[in-house]
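Q: This structure is in structure tokens; I'll ask about it shortly.
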Amino acid sequence: MKMTQQFGRTLREAPADADIASHQLLIRAGYIRRLASGIYAWLPLGQRVLSKVADIVRAEMDASGGQEITLPIAQPLELWARTGRDQTYGPLMFRMEDRKGAGFCLSPTAEEAITAVVAGESLSYRDLPVNLYQINWKYRDELRPRFGLLRAREFLMKDAYSFHVDNDDLSVTYQKMFSAYCRIFDQCSLTYRAVEAQAGEIGGEVNHEFMAAAVVGEDDFVWCRKCDYAANIEAAQRQSVPNSKTQEKVSDPEIVNTPGLTSIDDVAAHLDVGPSDLLKCIAFDIDGDLGLAVIPGDREVNEYALIQALAPRSVRLFDDEDFVAHPDVFKGYLGPDFSGASIVVADSAVAEGTSWITGANAVNQHRLNVCVGRDFLVSKWIDLAVAANGDPCPRCGEPLSVDRGIEIGHVFQLGTKYSEALEANYVDESGTPQPMVMGCYGIGVSRIVSAVVEEHHDENGICWPAALAPYDVHLVVLPGRAKTPEQIALSEEVERAGEELYRVMTEAGISVLFDDRDVSPGVKFADADLLGMPVRLTLGAKGFARGVVERLDRATGEERELALADDILSVALTELRLAILAGAA
RNA sequence: CGGGCUGUGGCGCAGCUUGGUUAGCGCGUCGGUCUGGGGGACCGAAGGUCGCGGGUUCGAGUCCCGCCAGCCCGACCA
């Protein structure tokens, strides 16, 4: 493609609302343009990248038993009402009405649609398993769209759904999808981890998120650099942390006045101790009863661990209304011995023989030297605290690190939730209808484009991995401007040689972005850096006179010269191709 | 949902406090001259419902009210 013909220009400055590198660079380089909050147009360069990601995904899905389909984006709300998700999705769904007033939504995901389609085919055990996928636009009216393509309201997603006779069969496909995902993200040159995710209300099922490590990510996950254990922060485990405060004898409890000090930090500062010397007591509503979650003051409660530990009871953090309804529960002065608590769940670090500072269950008072067994009882011990940087890895004991990540994929064993609601049954060997067992597998295709730029850029622009770059080579021709007849002749010769090189490379199957614009060298180089093709070839008057073209590796900055044959046409195409793409001297 | 900030040619901004003729600047765009290996210089030009609506005033980009849009922070860890 010649740049004189290409639509989309570069910007020297990014729009004020672009605040992360990938967002700024994709707009500055002319890959995308914003049309509305969280909604973007894909210009020619961006479209090529998006297509490349989609092609990689498609190839791996096809190779793993997937069959591509396309489901409607406009979906009847009636379908969503059958699973109740028209309610649970709530305002996250874009909704609309047809001329008769019937409700529709723009698909935020497609479990209902695919399950309805499969249900209509009257399948038997002989037809299963089936694995269907689509690469299609999804719509979520996010509370706060931000970070450009990372949290957009319109995004391209690959969603696959598999249907099985039982869980064992589902596991086979799940494993296939899992390894296909690894190959896809490897090809995208992303640094990622498959993390054990929170099981959620479905419970017990396997469930993995794929996280691309990135400081701008919106999710935390733990990652052991030693043994590679990785988990979503909510599902993360850790080895029990030994508590250094174990004492042989603990003094008697003692009341201290802490007027107006309702936070851990305030109390700790007032008493000149560390937050870890305090005990944090958090009130929960557990099936209508009051429950306390008890952890060291420097920790945070892992609500999901609590939910799992108390399942199937429902667990809900106390809100303002709850505190109004329980006037004897003093927010900020709760202690683990509160008489109104029917269940006390404590973190294992709150071990016997340790003493703590806690709320005294009285306004403006705390108590010193409170210890388990003597002063309060614990009804359930679990690992209740959210894992933190430096906690020992549950597998190898080495310190865990907490990293931020971008969720780029999620594989999930759904079970029969949707097949039962939408009566997606198969008939078994005995002719009896059974609900199909389902799995679903998502990849954020447009989000990957952004995640890749986050990982592969420098201060000058994007550095595309070869597999995703819109073009293999950025050809910069610098004919110069000259006065003397000799100089003019050389200049014209360089221009001709550039055209020739462009043609020859294209014929050799190399995709080339050819900067044939009449602009200064500085502009061409700056744009080449910004646009980020993996290889830049520079054909200038000086190099041409010496019979060379310069090759620059965008990512490494490595430069070398490639010899031009007297007649460019005579260069063996395969050799040229290798030399240009691989950088052979 | 709460708080804060912003809205002025395609992009980035100034002007608003203290109302006053023709609304400026940089980048970009178009024409020209020069320049030609890291966003070069100069000359000229086009391009604006100052977010929308109402109000105050002789007069509103500027003050007041309402609305819309966008951005940032927070949204129960006691």
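The values are calculated or read from the model by the stated rules, or taken from the named source; none is laboratory data. All values reported here derive from a predicted model rather than from experimental measurement. Reconstructed Cβ throughout: ideal geometry from the backbone, glycine too, with neighbour counts over all protein chains shown. What goes into the accessible areas is simple: the full protein's heavy atoms, side chains included, and nothing from ligands, DNA or RNA. Shrake-Rupley method; radii C 1.70, N 1.55, O 1.52, S 1.80 Å.
Q: Would you mention how many residues in region A:511-551 are polar (S, T, N, Q) and within 23 Å of A:Glu486 (Cβ to Cβ)?
A: So the count comes out to 2.
Q: Suppose the filter is in the same structural domain as A:Asp159 (by TED's automatic domain parsing), touching a helix residue (DSSP H, G or I) at 6+ places or on another chain (Cβ under 8 Å) and either open to solvent by 40 Å² or more (accessible area, probe 1.4 Å) or at pLDDT below 85 (or both); does A:Ser189 pass it?
A: For A:Ser189, the condition - in the same structural domain as A:Asp159 (by TED's automatic domain parsing), touching a helix residue (DSSP H, G or I) at 6+ places or on another chain (Cβ under 8 Å) and either open to solvent by 40 Å² or more (accessible area, probe 1.4 Å) or at pLDDT below 85 (or both) - is met.
Q: OK, next. Go through region A:77-94 and count every residue that is open to solvent by 30 Å² or more (accessible area, probe 1.4 Å), among the hydrophobic types (A, V, I, L, M, F, W, C) and out of contact with any strand residue (DSSP E or B) (no Cβ under 6 Å at 6 or more places or on another chain).
A: Residues meeting the conditions: 2.
Q: Here is a follow-up. Which residues, taken from region A:15-45, are closer than 21 Å to A:Leu468 by Cβ and either surrounded by fewer than 17 Cβ atoms within 10 Å (Cβ to Cβ) or hydroxyl-bearing (Ser, Thr, Tyr) (or both)?
A: A:Ser22, A:Tyr31, A:Arg33, A:Tyr40, A:Ala41, A:Pro44
Q: Give A:Val476, A:Val437 a once-over and let me know the one that is surrounded by 19 or more Cβ atoms within 10 Å (Cβ to Cβ), within 16 Å of RNA strand B (Cβ to nearest atom) and not aromatic (Phe, Trp, Tyr).
A: Checking each option against the conditions leaves just A:Val476.
Q: Additional query: Considering every residue within region A:395-402, establish whether at least one is open to solvent by less than 20 Å² (accessible area, probe 1.4 Å), in contact with a Cys (Cβ under 8 Å, 6 or more places away or on another chain) and of a type in the set (Ser, Thr, Tyr).
A: No: zero hits.
Q: Next question, about the same structure. Would it be correct to say that A:His457 is surrounded by fewer than 23 Cβ atoms within 10 Å (Cβ to Cβ) and touching a residue at least 40 places away in the same chain (Cβ under 8 Å)?
A: Yes; evaluated as a whole, the condition is true for this residue.
Q: Across region A:487-528, what is the total count of residues that are under 18 Å from A:Ala545 (Cα atoms) and open to solvent by 60 Å² or more (accessible area, probe 1.4 Å)?
A: Counting residues in region A:487-528 that are under 18 Å from A:Ala545 (Cα atoms) and open to solvent by 60 Å² or more (accessible area, probe 1.4 Å) gives 8.
Q: Which of the numbered conditions does A:Thr484 fail, given that it passes all the others? Conditions: (1) over 30 Å from A:Ala110 (Cβ atoms); (2) surrounded by 17 or more Cβ atoms within 10 Å (Cβ to Cβ); (3) within 16 Å of RNA strand B (Cβ to nearest atom).
A: Tallying (1) over 30 Å from A:Ala110 (Cβ atoms); (2) surrounded by 17 or more Cβ atoms within 10 Å (Cβ to Cβ); (3) within 16 Å of RNA strand B (Cβ to nearest atom), A:Thr484 fails exactly one: (2).
Q: Got a sec? Which strands (runs of 3 or more DSSP E) wholly within region A:95-185 have at least 1 residues that are under 15 Å from A:Ile443 (Cβ atoms), open to solvent by less than 30 Å² (accessible area, probe 1.4 Å) and not hydroxyl-bearing (Ser, Thr, Tyr)?
A: Strands (runs of 3 or more DSSP E) meeting the threshold: A:130-139, A:154-164.
Q: Checking A:Val329 against (1) touching a residue at least 12 places away in the same chain (Cβ under 8 Å); (2) exposed (fewer than 15 other Cβ atoms within 10 Å of the Cβ); (3) farther than 30 Å from A:Cys224 by Cβ; (4) aliphatic (A, V, I, L, M), which test does it fail?
A: The one condition A:Val329 does not meet is (2).
Q: Would you confirm, using the coordinates I've provided, whether A:Gly547 is surrounded by 18 or more Cβ atoms within 10 Å (Cβ to Cβ) and not hydrophobic (A, V, I, L, M, F, W, C)?
A: Against the criterion (surrounded by 18 or more Cβ atoms within 10 Å (Cβ to Cβ) and not hydrophobic (A, V, I, L, M, F, W, C)), A:Gly547 does not qualify.
Q: Would you pick out the residues in region A:18-70 that are among the small types (Gly, Ala, Ser) and in a helix (DSSP H, G or I)?
A: The answer is A:Ala21, A:Ser22, A:Gly46, A:Ser51, A:Ala54, A:Ala59, A:Ala63.
Q: Can you tell me which condition A:Val372 does not meet? The list is (1) within 39 Å of the chain's Cα centre (by Cα); (2) more than 15 Å from RNA strand B (Cβ to nearest atom), and all the others hold.
A: (1)
Q: When A:Glu13 is evaluated against the numbered criteria (1) under 30 Å from A:Leu422 (Cβ atoms); (2) in a loop (DSSP other than H, G, I, E, B); (3) not hydroxyl-bearing (Ser, Thr, Tyr), which criterion, by number, is the only one it fails?
A: Unmet condition: (1).
Q: Within region A:353-366, restricting attention to residues that are of a type outside the set (Val, Ile, Thr) and under 21 Å from A:Ile343 (Cβ atoms), which residue is surrounded by the fewest Cβ atoms within 10 Å (Cβ to Cβ)?
A: My answer is A:Asn361.
Q: I'd like the full set of residues that are over 30 Å from A:Ala180 (Cβ atoms) and more than 9 Å from RNA strand B (Cβ to nearest atom), limited to region A:7-40.
A: A:Phe7, A:Gly8, A:Gln24, A:Gly30, A:Leu35
Q: For region A:507-522, which positions are within 20 Å of A:Phe7 (Cα to Cα), more than 13 Å from RNA strand B (Cβ to nearest atom) and out of contact with any helix residue (DSSP H, G or I) (no Cβ under 6 Å at 6 or more places or on another chain)?
A: Passing the criteria: A:Ser511, A:Leu513.
Q: From the list A:His410, A:His366, which one is assigned by TED's automatic domain parsing to the domain that holds A:Ala231 and either touching a strand residue (DSSP E or B) at 6+ places or on another chain (Cβ under 8 Å) or without any contact (Cβ under 8 Å) to a residue 40 or more places away in the chain (or both)?
A: None of the other options fit; the residue is A:His410.
Q: Continuing with the same structure: I need the full set of residues from region A:282-315 which are within 8 Å of RNA strand B (Cβ to nearest atom) and open to solvent by 20 Å² or more (accessible area, probe 1.4 Å), in order please.
A: A:Ile282, A:Arg299, A:Glu300, A:Val301, A:Glu303
Q: Among the residues of region A:533-548, which ones are in contact with a helix residue (DSSP H, G or I) (Cβ under 8 Å, 6 or more places away or on another chain), of a type outside the set (D, E, K, R) and either closer than 19 Å to A:Arg9 by Cα or more than 8 Å from RNA strand B (Cβ to nearest atom) (or both)?
A: A:Val535, A:Leu537, A:Ala545 - these are the residues of region A:533-548 that are in contact with a helix residue (DSSP H, G or I) (Cβ under 8 Å, 6 or more places away or on another chain), of a type outside the set (D, E, K, R) and either closer than 19 Å to A:Arg9 by Cα or more than 8 Å from RNA strand B (Cβ to nearest atom) (or both).
Q: Further question on the same structure: What about A:Val477, is it more than 30 Å from A:His23 (Cβ to Cβ) and either in contact with a strand residue (DSSP E or B) (Cβ under 7 Å, 6 or more places away or on another chain) or charged (D, E, K, R) (or both)?
A: Yes, satisfied.
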